[in-house]
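The values are calculated or read from the model by the stated rules, or taken from the named source; none is laboratory data. Computed from a predicted structure; not experimentally measured. Cβ placement follows ideal geometry from the backbone for every residue including glycine, while neighbour counts extend to all protein chains displayed.
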Amino acid sequence: MVKKWLLVMILLWPFHASVASDVYSHRIAQFKANKQAMQNIAQALAYDDFEAIADAANQIEVWGQAMARYFPEGSNQTPSQALDAIWEQPEAFAKAIDLNIKAAQRLQDIALDEDGSKLPQAMRDLSASCKACHQSFRY
């Protein structure tokens, strides 16, 4: 019986590693896209390009809605920067994601309303939600 279990584990290991690698690769690509979206927002703020701000904020919101699915247990092998706190404190991680989603939605709503006076603070709030999550769940 132990030999069968060991054989199953050996056969499934490459699959598990492959799935984790794909999840990690997608997660990294999405975070890079998020960083680019934040840069796009910063540039668009200088020109009151409300449409570009709303589009980038929407991109961040969409990733936020999907983000938790890209942190399955065991997806924090090197070179991942994910801390074990993600899985040890799932409610706190979910709350951090929710704050990010809400900040992105708020920025998008303000941009769609073309209220340039509120955009800088909304951008700071969105940036702060990213930083807070990184401080708690990334090294």
Can you tell me which residue among S75, S80, S117, S25 is polar (S, T, N, Q) and over 22 Å from H134 (Cβ atoms)?
-> S117
Answer yes or no as to whether A37 is surrounded by 14 or more Cβ atoms within 10 Å (Cβ to Cβ), at pLDDT 95 or above and farther than 17 Å from A128 by Cα.
-> no
Pairs, first under 17 Å from Y139 (Cβ atoms) in the range 66-79, second in a loop (DSSP other than H, G, I, E, B), C-beta under 9 Å, six or more apart = N76/L83; N76/D84
Looking only at the range 102-118, which residues are among the basic types (K, R) and under 21 Å from the mean Cα position of the chain (by Cα)?
-> K102, R106
